[in-house]
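A.B. asks: Below is the structure I would like to discuss, written out as structure tokens.
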């Protein structure tokens, strides 16, 4: 009986660790989000970093659609805050030819906002693959204002498990 119980515990731990490992994968989350929002275009962190440092960076608009508490901890440099609950897209003044990248923690909330942006006539819109969590997990820079920082708001204790421990903000 003890061996059977031990086997169950070991199997449960193994499955839990497999889930956590798979859940940390940006591609696993992208597949789930893409199933819900099939028309959303994606940009990976490496491509976005190139856009941010490239000659056309002035044509790039970054939109952070996390809640204000999350955004105050850190954000992408130069990102504008867009309240996902009370969208005021017109107030952003996004040029028609701008390349727009929207992000949240993992990409779900930003995918939902992209649909609203497209309905408002903004067409060159991308969702950051893996969201800010994946960006930070790759040691890419995040900022609080003009100051480079290391931490990212974890959204919740559970969702924070998708962030590397050294990148989770204390809450």
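The values are calculated or read from the model by the stated rules, or taken from the named source; none is laboratory data. Keep in mind it's a predicted model, so treat the numbers as computed, not measured. In this analysis, Cβ positions are derived from the backbone assuming ideal geometry, glycine residues included, and neighbour counts consider all displayed protein chains.
A.B. asks: Could you list, ordered by first residue, the pairs with Cβ atoms under 7 Å in which the first is in the stretch 79-99 and farther than 16 Å from residue 121 by Cβ and the second is at pLDDT 90 or above and part of a loop (DSSP other than H, G, I, E, B), at least 6 apart or interchain?
C.D. replies: So the pair list comes out as 84/65.
A.B. asks: Right, next: What do you reckon, is residue 47 surrounded by 13 or more Cβ atoms within 10 Å (Cβ to Cβ) and without any contact (Cβ under 8 Å) to a residue 12 or more places away in the chain? Quick ask: steps written out before the conclusion?
C.D. replies: Numbers: surrounded by 13 or more Cβ atoms within 10 Å (Cβ to Cβ): yes; without any contact (Cβ under 8 Å) to a residue 12 or more places away in the chain: yes.
Judged against the criteria, residue 47 is a match.
A.B. asks: Taking only the stretch 96-111 into account, find how many residues are in a helix (DSSP H, G or I) and surrounded by 18 or more Cβ atoms within 10 Å (Cβ to Cβ). Outline the logic, then answer.
C.D. replies: Taking the stretch 96-111 and keeping what is in a helix (DSSP H, G or I), we get 108-111.
So of that shortlist, the ones also surrounded by 18 or more Cβ atoms within 10 Å (Cβ to Cβ) come out as 109-111.
Qualifying residue count, the stretch 96-111: 3.
A.B. asks: Still on this structure: Answer yes or no as to whether residue 123 is closer than 19 Å to residue 48 by Cα and free of Cβ contacts under 8 Å to residues at least 40 places away in the same chain. Spell out how you get there, then give the answer.
C.D. replies: On the way: closer than 19 Å to residue 48 by Cα: yes; free of Cβ contacts under 8 Å to residues at least 40 places away in the same chain: yes.
So residue 123 passes the test.
A.B. asks: How many residues are surrounded by 13 or more Cβ atoms within 10 Å (Cβ to Cβ) and either assigned to a loop (DSSP other than H, G, I, E, B) or touching a strand residue (DSSP E or B) at 6+ places or on another chain (Cβ under 8 Å) (or both) when one looks only at the stretch 157-171? Even if it seems obvious, please write down each step before you answer.
C.D. replies: First, the residues of the stretch 157-171 that are surrounded by 13 or more Cβ atoms within 10 Å (Cβ to Cβ): 159-164, 167-169.
Next, only the ones that are either assigned to a loop (DSSP other than H, G, I, E, B) or touching a strand residue (DSSP E or B) at 6+ places or on another chain (Cβ under 8 Å) (or both) stay: 160, 163-164, 167-169.
The total comes to 6.
A.B. asks: Given the conditions (1) at pLDDT below 90; (2) in contact with a strand residue (DSSP E or B) (Cβ under 7 Å, 6 or more places away or on another chain), report the number of the one that residue 99 does not fulfil.
C.D. replies: All conditions are met except number (1).
A.B. asks: Restricting attention to the stretch 143-156, does a residue exist that is out of contact with any helix residue (DSSP H, G or I) (no Cβ under 9 Å at 6 or more places or on another chain) and surrounded by 14 or more Cβ atoms within 10 Å (Cβ to Cβ)?
C.D. replies: Taking the stretch 143-156 as the starting set, the residues that turn out to be out of contact with any helix residue (DSSP H, G or I) (no Cβ under 9 Å at 6 or more places or on another chain) are 143, 145-148, 156.
Okay, now just the ones that are also surrounded by 14 or more Cβ atoms within 10 Å (Cβ to Cβ), so 143.
Looking for residues that are out of contact with any helix residue (DSSP H, G or I) (no Cβ under 9 Å at 6 or more places or on another chain) and surrounded by 14 or more Cβ atoms within 10 Å (Cβ to Cβ), one finds at least one in the stretch 143-156, hence yes.
A.B. asks: Here's a follow-up. Just to be sure I understand, how many residues within the stretch 26-36 are surrounded by 19 or more Cβ atoms within 10 Å (Cβ to Cβ) and under 16 Å from residue 115 (Cβ atoms)? Spell out the reasoning first.
C.D. replies: Start the filter on the stretch 26-36 by keeping residues that are surrounded by 19 or more Cβ atoms within 10 Å (Cβ to Cβ), which leaves 26, 29-30, 33.
When the remaining residues are screened for being under 16 Å from residue 115 (Cβ atoms), the result is 33.
Residues in the stretch 26-36 being surrounded by 19 or more Cβ atoms within 10 Å (Cβ to Cβ) and under 16 Å from residue 115 (Cβ atoms): 1 in total.
A.B. asks: Something else now. For residue 93, are the conditions met, namely being modelled with pLDDT of 90 or more, over 20 Å from the mean Cα position of the chain (by Cα) and surrounded by fewer than 17 Cβ atoms within 10 Å (Cβ to Cβ)?
C.D. replies: Details: modelled with pLDDT of 90 or more: yes; over 20 Å from the mean Cα position of the chain (by Cα): yes; surrounded by fewer than 17 Cβ atoms within 10 Å (Cβ to Cβ): yes.
It is true that residue 93 is modelled with pLDDT of 90 or more, over 20 Å from the mean Cα position of the chain (by Cα) and surrounded by fewer than 17 Cβ atoms within 10 Å (Cβ to Cβ).
A.B. asks: Looking for whichever is touching a strand residue (DSSP E or B) at 6+ places or on another chain (Cβ under 6 Å), surrounded by 12 or more Cβ atoms within 10 Å (Cβ to Cβ) and closer than 21 Å to residue 154 by Cβ here; the options are 60, 82. Which one fits? Before the answer, list the steps.
C.D. replies: Numbers: 60 fails: closer than 21 Å to residue 154 by Cβ.
Within the list 60, 82, the selection yields 82.
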